1. What number comes out for accessible area per residue over the chain if the probe is 1.4 Å? Units Å², please.
2. What is the extension gain from LYS306 to ALA461, computed as 0.36 nm multiplied by their sequence separation minus the C-alpha to C-alpha distance, in nm to one decimal?
3. If you plug each phi of region 233-247 into the Karplus form 6.51 cos²θ - 1.76 cosθ + 1.60 with θ = phi - 60°, what whole-Hz ³J(HN,Hα) values come out, in order, with x for Gly and Pro?
4. According to the square roots a ≥ b ≥ c of the eigenvalues of the Cα gyration tensor, what is the shape class of region 356-464, taking rounded for a/c under 1.5, prolate for a/b larger than b/c otherwise, and oblate for the remainder?
5. Show me the trypsin sites (Lys or Arg not before Pro) within region 47-139 that DSSP assigns to loop and that have at most 16 other Cβ atoms within 10 Å of their Cβ.
6. What does a probe at THR204 reach in region 139-162, counting residues whose amide N is under 14 Å from the point 7 Å along Cα→Cβ?
7. Assuming R0 = 22 Å, can you tell me the calculated FRET efficiency for the pair GLN365 and THR385, based on Cβ-Cβ distance, to the nearest 0.05?
8. Of the cross-linked pairs LYS193/LYS420; LYS110/LYS336; LYS336/LYS372; LYS251/LYS421; LYS144/LYS446, which ones have a Cα-Cα span greater than 22 Å in the structure shown?
Amino acid sequence: MSTAEKIAVEKSKAAPPAIRNQKPRVNIESLTHRNLLEGEFWRPVFDVPSEQFLDHMWQMKNSLYGEKKLMKVLENVAPGKFIEDAARGFRVAPMVVRVTPYLLSLIDWKDPWNDPIRRQFIPLAEQLEMDHPMLTLDSLHEQKDAPVDGLTHRYTDKALFLPLNTCPVYCRFCTRSYAVGKETDTVEKVNLKINPKRWEEAYTYIASRPELEDIVISGGDTYNLPAKHIRAIGERLLALPNIRRIRFATKGLAVMPMKMLSDDDWFTAISDVEKMGRKKHVHVCIHTHFNHPTEITDISRQAMNKLFEHGITVRNQTVLQRGVNDDANTMALLIKRLGEINVHPYYVYQHDMVQGVEDLRTSLQQACDIEKAVRGVTAGFNTPTFVVDAPQGGGKRDAHSYEHYNRDTGISVYTAPSVKKDTFFYYYDPLHSLSDDMRENWKDPKKRQEMHEDATAQAKAGLE
Ligand SMILES: *Cc1c(COP(=O)(O)O)cnc(C)c1O
Ligand code: SF4
């Protein structure tokens, strides 16, 4: 026996070191972020073999677009009372409905009323609530900050490019309901169809502004851009010497992850653009949009593994929604599960002031409370920043950074010195989070005016 081996044997005989200050063990079964749904979980809703279900073409062809198609599927899986309520919901919703078979198969059809995925896509009349009087379409003023159609230049060094207006799904809560989706009875849309001629104006503008370094390509959803357009847009932007960062935004990974495994053209296009960028030291990445941990399955893991192996960074932006992810445990599980599949949780957005989805908004206080609860759960770089995208075009502000917040009136006031100097931006908590008296006050234009004046005065006083 060598000396080292002898020492090792002696050590192994010795009593184990006293356990000091040991953190209590975690029950391994509580690590549920690692358990992703596997197998043919879709069978009860779509009785098809995996060759079909895992084919993005099948998913696209069988997308439930419009009320009629969706109703057919619902008839087989959902309770009758639910179907009636959904039918009435469709009549008043500002967005046309569109969901993928993948998403539908993740809904708990025994209790669709409370299901977090159902809430995001299928409106129910009985759950809808009156809009806050301060709600408007395009509350973010994306059109007012657009020098050319489909390009919003709000922050100095970055811009938002909207090359199309369709998505693989339509979310009830979409901020861009002013442009996205087919026209419904209640809303007239701005025209942002796929049109390479329109895009030329955007490229010319971007080239003319040397301070622009970062382009977010969104929509609509870049999943719906054919591979040749992904490549063309990527190449055009990479040819501009001022561009240092490019992000392709798509909710696709959350709603149709199989496309990454079955659409070779699209995957190769995005991967080639990323490689081209890498050669030029420009970071090309994907921004996606998961809202709830059950949206992450073993299929998402396989899709992410492939992207990760190709060196493609994926970041996530979540929208905080009542009854979906507005409690600390759900949010923590979502964040841990995103980390598990190598998606980087970037932002959690306070719900924008969007018409027709008052039921989904939360108070700002809830955002702040949840942020406090999740910070420390995992790596700091995997902990999202909670932001309010300030209405009236103030841009994203750290939720906690309000100048003033009156929890009774629900008015919060932000400033955005780097975006628009000397301007106050207001966010309004949903009426359902306020007292009965306060709800009455909001009906009265004079009282509204007073509440605003008071909030502004307090914000000013705080800044002095
Ligand atoms: C969100 C957004 C961006 C990107 O902002 P980041 O904070 O860098 O993610 C750029 N332009 C507009 C108009 C936006 O809304
Ligand atoms: S995928 Fe994005 S852009 Fe499309 S409807 Fe949903 S939130 Fe809106």
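1. Result: 46 Å² of accessible area for each residue.
2. Between LYS306 and ALA461, full extension yields 50.5 nm more.
3. Per-residue couplings from phi come out as 5, x, 5, 4, 6, 5, 6, 8, x, 6, 7, 10, 9, 9, 10 Hz.
4. Oblate, because a/c is 1.5 or more while a/b does not exceed b/c.
5. Of the trypsin sites (Lys or Arg not before Pro), the ones in loops of region 47-139 whose Cβ has at most 16 other Cβ atoms within 10 Å are LYS110.
6. It comes to 147-149, nothing else.
7. In this case the efficiency is close to 0.80.
8. Details: LYS193/LYS420 30 Å; LYS110/LYS336 27 Å; LYS336/LYS372 16 Å; LYS251/LYS421 33 Å; LYS144/LYS446 28 Å.
Over 22 Å Cα-Cα: LYS193/LYS420; LYS110/LYS336; LYS251/LYS421; LYS144/LYS446.
The values are calculated or read from the model by the stated rules, or taken from the named source; none is laboratory data. Just so we're clear, the structure is a prediction, and the values are computed from it rather than from any experiment. Positions of Cβ are backbone-derived with ideal geometry, glycine not excepted, and every protein chain shown enters the neighbour counts. Ligands, DNA and RNA are excluded from the accessible area calculation, which covers all protein heavy atoms including side chains. Shrake-Rupley method; radii C 1.70, N 1.55, O 1.52, S 1.80 Å.
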